[in-house]
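Taken together, the values in this text are just the output of simple stated rules run on the coordinates, not laboratory data. Since the model is a prediction, treat every value here as computed from it, not as a measurement. Every residue, glycine as well, gets a Cβ built from its backbone with ideal geometry; the counts of neighbours run over all protein chains shown.
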Amino acid sequence: MKTDYSILEALQRKLVENAKGMNAQIQQYEEKKAFARQKYMDAIEQLMVKERELEDQQSALKEAYRRNARALEDQKRSLVSNRRKCGDAYNMELSSIKSSFRLVMQDLQNERSAYFQQYRELGGELSLVVDPACGNKSEKLTDGKEASHE
C-alpha cells in the first residue's frame, strides 16, 4: 500500500490547524482562568480591607465601651461616697440637734424642779398622784392644781 503524499500533507495540515485551534483554546482558557483568578483576588482583597476596617472599628468601640464603663463606675462610686457623706453629715447634724434639745430640756427640767423646790420652801405641799387613765405621774399642789412629770 502506497501512501499518497498529498493525502499525508493534507492530514498534516489538518493536524497542524487542529493543534493551533487546541493551543488557541488552551491559551484562551488560561487567560480566562487568570482573569477570573485576578477578579477573585481583587474581590478578596477588598473584602479583607473592609474586614480589617470593621475589626478596627470594633476594637475602637470596645475600648470606648471599656472607658465609658470605667467612667460610669467611677461616677457611681462617687455618688455612693457622696451619699455616705450626706448620711454622715445628717447623723452629725441630728446628733447636734438632739444634744441641743437635751440640754435645753435638761435646763427646763431643772428650772421646773427649782420652781417646785421654791414652792416647797415657801410652805406648799406636794403629793405624788398616779392618773390611772394614762399612767402619768403628777404632783398635786395643796391648792388643788396638778403639775405633770413625765
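Pop the C-beta distance of LYS20 and ASN68 into the FRET formula with R0 = 41 Å and round what comes out to the nearest 0.05. Step by step, r from the Cβ atoms, then E = 0.05. The label-point distance for LYS98 and GLU111, in a model that sets each label 7 Å from Cα toward Cβ, rounds to 2.4 nm.
Provide the FRET efficiency to the nearest 0.05 for the ILE7-ILE44 pair, computing r from the beta carbons and using R0 = 41 Å. The partial results should precede the final answer.
On the way: r = 54 Å, r/R0 = 1.32.
The calculated FRET efficiency here is 0.15.
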